Amino acid sequence: MTNHFIKNSNNNTMEYSMNGIRSKTEDLEILLAVADHGGFSAAANALDIQVAKVSRAIARLEQEHACSLFTRTTRKVSLTQEGEQFIIAIRSAMEQIAGAEFALTAQKTRPSGRLRVDAASPFVLHQLVPLVKPFRTAYPDIELELVSNDNIIDLIEKRTDLAIRIGGLSDSGLHATLLGRSPLHLVAAPDYLALHGTPTTVDALTSHTIIGFSDTANLNKLPTTPTIQLSVNIKASSGETVRQLCLEGNGIALLSHFMISKDIQSGHLVSLLPGLIDSPNPREQVQAVYYKHSTLASRIEAFLNFIKNKLTM
């Protein structure tokens, strides 16, 4: 089987040739969107086109190649075996072209366009916000959009270029760049410790008020050997809320260094039971993630290179 792309002199599009059958790249891009988003309507929303255009593109491809690429029901659209094989070949070929074009133009153009970055609110506030001004000075053509989510989001669904996640990753469809590690601390305010005493053992924690996370039980586990599940008395969905509750003397919290390092340095929070928490552990990992099937855009690469050595974790 011979596959290659041919320039169409009439409309400046590319055509994918498979054994003499030619398909326009626009139709192939729509095909990939349907496969990635799981449906015609979702693909149309992502590409900002009409559903009818998506349907026509898929119909053309199926007619050109004389096979069904998708199995359609009232609830679901899924790839056929032929569709899966075709997607693999198309994705590989289009990524090669995109990579070649990027390499050719990267040195001639400055990074530009919208860059949507998602991270938990504490990371946005304590790590990214201080870097926005110098980043904008270095890359004035990038339109930076910071989005705070304390829960993991779907990057495609939310049209997000890059997400920064704390802890281990389970999504195999993501590329990950390790930005660094941020140790965990058990901390409390001096006012709280003055009233309730300073715990000197793990068992002593049971007699203290623990501030923790309401939505993710794993964030309330001490990464020790063996792991210890903290009994939480006050819960919040946001790490920044947990921090503020701790600063106000409401109890003891387990928080990452990147958000409380200045509090510890200033004496507003005290680190407890030093040496208790195992390090390194997966909870310490700070990673930037993006989807594998997209060529790394110059604006994403510029952002990663800029922040990597400037984060204070």
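Between 0 and 90 degrees, the angle of helix 81-105 with respect to the longest Cα principal axis of the chain falls at about 80 degrees. A cut-off of 5 Å between modelled amide H atoms, ignoring neighbours fewer than 5 places along the same chain, links Thr209 with Ile252. Note on the chain: GNM, Cα springs under 10 Å; of Asp278, Asp150, Asp48, the largest mean-square fluctuation is that of Asp48. In the chain, the longest principal axis of the Cα atoms and the axis of helix 51-65 are about 60 degrees apart. Derived from the Cα gyration tensor, the three semi-axes of the equivalent ellipsoid of the range 131-278 are 32, 19, 14 Å, largest first.
Remark: the range 36-44, residue by residue, has Karplus-estimated 3J(HN,Hα) of 6, 9, x, x, 5, 5, 5, 5, 4 Hz, where x stands for each Gly or Pro and the curve is 6.51 cos²θ - 1.76 cosθ + 1.60 at θ = phi - 60°.
Solvent-accessible surface of the chain, taken per residue with a 1.4 Å probe and all protein chains present: 54 Å².
Can you give me the angle between helix 257-266 and the longest principal axis of the chain, using Cα atoms only, in degrees from 0 to 90, rounded to the nearest 10? So the inclination is approximately 30 degrees. Among the GluC sites (Glu not before Pro) in the range 206-313, those placed in a DSSP loop whose Cβ has at most 13 other Cβ atoms within 10 Å are Glu248.
When a 1.4 Å probe is rolled over the protein heavy atoms, the share of accessible surface on the chain that falls to carbon and sulfur comes to 49 percent.
Of all DSSP beta bridges located in the chain, what percent are antiparallel, nearest 5?
Approximately 70 percent, going by the DSSP bridge assignments.
Please work out the ratio of the alpha-carbon Rg of the chain to 2.2 N^0.38 Å and round it to two decimals.
On the way: Rg = 24.9 Å, N = 313, 2.2 N^0.38 = 19.5 Å.
Normalised Rg, Cα atoms only: 1.27.
Give, as a single signed number, the net charge of other residues whose beta carbon lies under 14 Å from the beta carbon of Ser261, with Lys and Arg counted +1 and Asp and Glu -1. Neighbourhood net charge equals +1. Whole-Hz Karplus values for the range 158-166 come out as 8, 6, 9, 6, 8, 10, 10, 10, 9 Hz, taken residue by residue from phi with 6.51 cos²θ - 1.76 cosθ + 1.60 and θ = phi - 60°; glycine and proline positions read x. A simple spin-label model places pseudo-atoms 7 Å from Cα toward Cβ; at Gln81 and Glu101 they are separated by 3.4 nm.
The values are calculated or read from the model by the stated rules, or taken from the named source; none is laboratory data. What you are looking at is a predicted structure, and each value in this text was computed from that prediction instead of being measured. Every residue, glycine among them, receives a Cβ derived from its backbone with ideal geometry; neighbour counts consider all protein chains shown. In case anyone asks, the SASA skips ligands and DNA or RNA and just uses the protein heavy atoms, side chains included. Shrake-Rupley method; radii C 1.70, N 1.55, O 1.52, S 1.80 Å.
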